[in-house]
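Structure record follows, encoded as structure tokens.
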Amino acid sequence: MIYLDANATTQLLPEVWQEMEPWLRDEYANPSGSYGAAKRARQAIEKARCQIAESIGADPEEILFTGGGTESVNTALHSLDHLTGPGAAVVSAIEHSAVLRYVESLAREVIYVPVTTGGRLQLAAYEKALDRASYVSLMAANNETGVIQPLQEAAAMARQRGVPIHSDAIQAAGKIPLDVRELGVDLLSISGHKFYGPKGVGALYVRKGLRFLPLLYGGGQELGRRSGTENTAAIVGMGAAAELLPRISKGSVEALRLAFETQVMREIQGVTINGYGEDRLPNTSHLSFAQCDAAGLLILLDQAGIACSAGSACMTGKQKPSHVQLAMGIPEERAKSSLRFSFSVFNTLPEVQRAADRLIAAVEKLRRVQGAGVGPVVVYSP
């Protein structure tokens, strides 16, 4: 299999597995205990907290561990919703379902800020929405298109009005630099399995001095901010992955994406790179194929040994166009013809080239079966 779905999840780095293994086998003590083995587990967790904090420019005491990215997001929004005054929850129209489903459940007003045809937050509309805002949640980069959002500018606008802001940075972590001080956010969510760490563990940055209300109550772990026995092995793995990130070449992954896009655009007519012209994550390529159904392409690519997706992994199998593409003004037919290819440090140039060859063959086959002709080549248009 040629795995090109790194935005859904990444493979563990070998060094991460090595760090985790003792805590899965021999060091199984509950970190809340008072004996030696428990204290070793506690020390390992605190080391990981420091590693995570350093990776995003935070202090260790500003990091709390969660059971994953969705819990991190829901915890942040739960706290903001209960501790802020009247007003609207302001989010972008392209947020991940972890944000959208949460705010849809609220009694308060929700303002969905539109994006450009390139998939970038419309700052003028956002600034207007802040007049009625109680709090804000904006992603750092979109999980489908890879388009990087103007988070620093948006946070500065919110700060000027005294409006707290959370960021879902789950897809951005490990792919672009993140510094919570420079960004100016109050809360920020990340997830270990998006940057070569394990699944089932996430982290939430909570700015020092910010009022905070837990989502989970119980034994009072994480300084009372998230109850539940800590998953020591997963936390250790996430910390190890965060520490390794500076040694991973983002340029090499971007080179793979560019080689893939160049080959595909050269050989297939009627292809659009969604988000082209905007700053994108170095690993993410979101393509639409004229006169092709994404579901059919996925089947052919799977048979050819290529793993990719039709968008967010959380939406796979749902027979409706992506809300992200519709928010960008992409017609429904084109939205249903889109695939996401996301690359990692485990990919090589030869296999990416083979993947492009197989994609080209799959598109040709599907068009023959459907008897569809295509118009002129669409070159790098949003």
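Which of (1) more than 18 Å from Ala242 (Cα to Cα); (2) within 20 Å of the chain's Cα centre (by Cα); (3) surrounded by 23 or more Cβ atoms within 10 Å (Cβ to Cβ) does Ser79 not meet, given it meets every other one?
Of (1) more than 18 Å from Ala242 (Cα to Cα); (2) within 20 Å of the chain's Cα centre (by Cα); (3) surrounded by 23 or more Cβ atoms within 10 Å (Cβ to Cβ), only one is false for Ser79: (2).
Which members of region 147-170 meet the condition of being crowded, with 19+ Cβ neighbours inside 10 Å and closer than 20 Å to Val206 by Cβ?
If the condition is that a residue be crowded, with 19+ Cβ neighbours inside 10 Å and closer than 20 Å to Val206 by Cβ, then Leu151, Ala154, Ala155, Ala158, Val163, Pro164, Ile165, His166, Ser167, Asp168, Ala169, Ile170 are the ones that fit.
Name every residue in region 257-280 that is among the hydrophobic types (A, V, I, L, M, F, W, C), out of contact with any Ser or Thr (no Cβ under 8 Å at 6 or more places or on another chain) and either crowded, with 23+ Cβ neighbours inside 10 Å or not in a helix (DSSP H, G or I) (or both), in order of residue number.
Matches in region 257-280: Ile268 only.
I need the full set of residues from region 69-91 which are touching a Lys or Arg at 6+ places or on another chain (Cβ under 7 Å) and of a type in the set (A, V, I, L, M, F, W, C), in order please.
Correct list: Leu83, Ala88, Ala89.
Can you tell me which of (1) surrounded by fewer than 20 Cβ atoms within 10 Å (Cβ to Cβ); (2) of a type in the set (A, V, I, L, M, F, W, C); (3) over 21 Å from the mean Cα position of the chain (by Cα); (4) closer than 24 Å to Ile148 by Cβ is the one Leu298 doesn't meet?
Leu298 satisfies every listed condition except (4).
For Thr348, all conditions in the list (1) surrounded by fewer than 15 Cβ atoms within 10 Å (Cβ to Cβ); (2) at pLDDT 95 or above; (3) over 26 Å from the mean Cα position of the chain (by Cα) hold save one; what is the number of the exception?
(3)
Name the single residue, out of those in region 221-251 being in contact with a Pro (Cβ under 9 Å, 6 or more places away or on another chain) and of a type in the set (Gly, Ala, Ser), that is surrounded by the fewest Cβ atoms within 10 Å (Cβ to Cβ).
Gly251
Scan region 43-50 and give yes if some residue there is assigned by TED's automatic domain parsing to the domain that holds Leu188 and within 25 Å of Asn347 (Cα to Cα), otherwise no. First the steps, then the outcome.
Going residue by residue through region 43-50, those that are assigned by TED's automatic domain parsing to the domain that holds Leu188 are 43-50.
From what is left, the residues that are within 25 Å of Asn347 (Cα to Cα) are none.
Taking every residue of region 43-50 in turn, none turns out to be assigned by TED's automatic domain parsing to the domain that holds Leu188 and within 25 Å of Asn347 (Cα to Cα).
Return yes when Thr272 is touching a helix residue (DSSP H, G or I) at 6+ places or on another chain (Cβ under 9 Å), hydroxyl-bearing (Ser, Thr, Tyr) and in the same structural domain as Ser79 (by TED's automatic domain parsing) and no when it is not. Talk me through it step by step, then tell me what you get.
On the way: touching a helix residue (DSSP H, G or I) at 6+ places or on another chain (Cβ under 9 Å): yes; hydroxyl-bearing (Ser, Thr, Tyr): yes; in the same structural domain as Ser79 (by TED's automatic domain parsing): no.
Against the criterion (touching a helix residue (DSSP H, G or I) at 6+ places or on another chain (Cβ under 9 Å), hydroxyl-bearing (Ser, Thr, Tyr) and in the same structural domain as Ser79 (by TED's automatic domain parsing)), Thr272 does not qualify.
Please specify each residue of region 89-110 satisfying the condition of being surrounded by fewer than 20 Cβ atoms within 10 Å (Cβ to Cβ) and not hydroxyl-bearing (Ser, Thr, Tyr).
Pass one, region 89-110, residues surrounded by fewer than 20 Cβ atoms within 10 Å (Cβ to Cβ): 93, 97, 100-101, 104-110.
Passing the criteria: Ala93, Leu100, Arg101, Glu104, Leu106, Ala107, Arg108, Glu109, Val110.
Within region 217-256, count every residue that is outside any loop (DSSP other than H, G, I, E, B) and either at pLDDT below 95 or not hydroxyl-bearing (Ser, Thr, Tyr) (or both). Please lay out each step first, then the result.
Restricting attention to region 217-256, the residues satisfying the condition of being outside any loop (DSSP other than H, G, I, E, B) are 222-224, 232-247, 250-256.
Filter once more, keeping what is either at pLDDT below 95 or not hydroxyl-bearing (Ser, Thr, Tyr) (or both): 222-224, 233-247, 250-256.
So the answer is 25.
Quick one: how many residues across region 281-295 are over 18 Å from the mean Cα position of the chain (by Cα) and either part of a loop (DSSP other than H, G, I, E, B) or at positive phi (or both)?
4
The values are calculated or read from the model by the stated rules, or taken from the named source; none is laboratory data. Since the structure is predicted, the reported quantities are computational estimates derived from the model, not experimental observations. When we count neighbours, we look across all protein chains shown, and the Cβ atoms used for this are built from the backbone with ideal geometry, even at glycine.
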